[in-house]
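Enquirer: Mind having a look at this structure? Questions to follow.
The values are calculated or read from the model by the stated rules, or taken from the named source; none is laboratory data. Only a predicted model underlies this, so the values are computations on that prediction, with no experimental measurement involved. When we count neighbours, we look across all protein chains shown, and the Cβ atoms used for this are built from the backbone with ideal geometry, even at glycine. SASA here: full protein model, heavy atoms, side chains in, ligands and nucleic acids out. Shrake-Rupley method; radii C 1.70, N 1.55, O 1.52, S 1.80 Å.
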Amino acid sequence: MVGVRGPLGNSYPLEQLKGKSLTIIGGGFAFTTLRSTIQYILDPANRGDYGDLNVIYGARNPGLLLYKDELAAWDAREDINLVTTIDREVEGWNGRVGFIPTVTKEVAPKTDYAIICGPPVMIKFTLPVLVECGFTPDRIIMSLENRMKCGIGMCGRCNVGSKYVCKDGPVFTKEQLDKLPNEY
Ligand code: FES
């Protein structure tokens, strides 16, 4: 038996992002939340509402890249620039090799906003690269992965300073997080 509770917390500000170009960066299994956002933007009913779309997605090895059929379909499209990468060389992999921060630096995205979700270490090293690329803190949007228990702001398991990731987040801008303790 599987129980499902939700939806909880906030979401990516897709209304606010209308008319803007976007770079979406994901690492590991966190890509699941980004995938639904990308699907939404690529939907013919919505694609015209958004500008250029870069997607940078990294996994430890090719076997851990999720949604391979979708990645292939996106790669074939003209209206999305998809970059996939794995951490280390693997026989049979002809794509890009390198950690997300390095690959982001190579891609050097120039879009209005960046959305990033992934393991804390990935976020930690990618943020300075985004700042270097010219993204101001209000234009870097992150989804945090703090451990959660209750999901409704009661247990205090997930907080960053005075904010609950489960209730006030998980989506915050870097500008918002810069005012809080570095507990994410
Ligand atoms: S998970 Fe309990 S307060 Fe956030």
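Enquirer: Just a yes or no: is a residue in the range 89-96 of a type in the set (S, T, N, Q) and surrounded by 15 or more Cβ atoms within 10 Å (Cβ to Cβ)?
Expert: No, there is no match, as no residue in the range 89-96 is of a type in the set (S, T, N, Q) and surrounded by 15 or more Cβ atoms within 10 Å (Cβ to Cβ).
Here's the yes/no breakdown for (1) open to solvent by 80 Å² or more (accessible area, probe 1.4 Å); (2) in a helix (DSSP H, G or I); (3) modelled with pLDDT of 95 or more; (4) over 21 Å from residue 141 (Cβ atoms):
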position: 17; (1), (2), (3), (4): no, no, yes, no
position: 25; (1), (2), (3), (4): no, no, yes, no
position: 31; (1), (2), (3), (4): no, yes, no, no
position: 38; (1), (2), (3), (4): no, yes, yes, no
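Enquirer: Out of the range 45-60, which residues are free of Cβ contacts under 8 Å to residues at least 12 places away in the same chain and in a loop (DSSP other than H, G, I, E, B)?
Expert: 45, 46, listed by residue number.
Enquirer: Looking at residue 66, is it hydrophobic (A, V, I, L, M, F, W, C), surrounded by fewer than 16 Cβ atoms within 10 Å (Cβ to Cβ) and under 18 Å from the mean Cα position of the chain (by Cα)?
Expert: Against the criterion (hydrophobic (A, V, I, L, M, F, W, C), surrounded by fewer than 16 Cβ atoms within 10 Å (Cβ to Cβ) and under 18 Å from the mean Cα position of the chain (by Cα)), residue 66 qualifies.
Enquirer: Evaluate the following for residue 78: is it in the same structural domain as residue 139 (by TED's automatic domain parsing) and not in a helix (DSSP H, G or I)?
Expert: yes
Enquirer: For the range 58-78, give me the residue count where each residue is in contact with a strand residue (DSSP E or B) (Cβ under 7 Å, 6 or more places away or on another chain) and closer than 28 Å to residue 14 by Cβ.
Expert: Total meeting the criteria: 6.
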